[in-house]
Amino acid sequence: MNLLQAFFIVSGFIIFIIAFDIAKRQKFNALHFLVFIWIWIGLFVFTVFPTTLDMMGRVFGLQRWADVLVYVSIVFLFYFVLLLLNKAEKNREDITRLVREIGVLEDKLNQHDHK
């Protein structure tokens with residue numbers, strides 16, 4: 001086992017533990033949990049059977065198997081960045097709506113107090 005394989009095994013177990021903990025606390029939906037589990041399974045398979053990456057590299061026409069990991073990682077990073085941006089925008093909209101509702105309620109209370 002080389003250092004990269006050891007890194008994949010440790011990373012895979014960390015990802016699995018984090019995904020399981022977050023799913024247990026119901027902090028994300030089933031799709032996100034499945035994505036994390038597939039990442040964990042992928043890391044395990046690629047670590048135990050490194051030739052599968054060579055086969056995947058040949059399928060995509062790549063010379064090095066590590067390129068497959070880099071490209072897949074970039075795709076997942078973009079996906080999670082989009083999820084974070086969507087969540088931030090939703091939070092901003094929720095805060096704006098909440099502030100407006102509080103403002104309307106305070107205005108109604110102030111008008112009622114002055115009568």
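Each residue of segment 74-87 was assigned a 3J(HN,Hα) from its phi angle through the Karplus curve 6.51 cos²θ - 1.76 cosθ + 1.60 (θ = phi - 60°); the sequence is 4, 4, 5, 5, 4, 4, 6, 5, 4, 4, 5, 5, 4, 5 Hz, with glycine and proline shown as x. Residues Ser73, Ser11 in ascending order of nearby Cβ atoms (within 10 Å, fewest first): Ser73, Ser11.
Shown for the chain: lysine pairs separated by 8 or more places, or found on different chains, whose C-alpha atoms are under 26 Å apart, numbering 4. Checking (1) 48, 23, 17; (2) 50, 30, 23; (3) 80, 30, 22 against the coordinates, the calculated Cα extents along the principal axes in Å falls under label (3).
To the nearest ten degrees, helix 3-24 and the longest principal axis of the Cα atoms of the chain are 30 degrees apart.
Each Lys and Arg adds +1 at its Cβ and each Asp and Glu adds -1 at its Cβ; summed about the Cα centre, the chain shows a dipole of about 120 debye.
In this simple spin-label approximation, Ala88 and Val48 carry label points 7 Å from Cα along the Cα→Cβ vector, and these lie 3.9 nm apart.
Every number in this text was worked out from the coordinates using simple rules, so none of it is lab data. If you're wondering where the values come from, they're calculated on a predicted model, not measured in any experiment. Cβ coordinates were reconstructed from backbone atoms using ideal geometry, including for glycine residues, and neighbour counts include every protein chain displayed.
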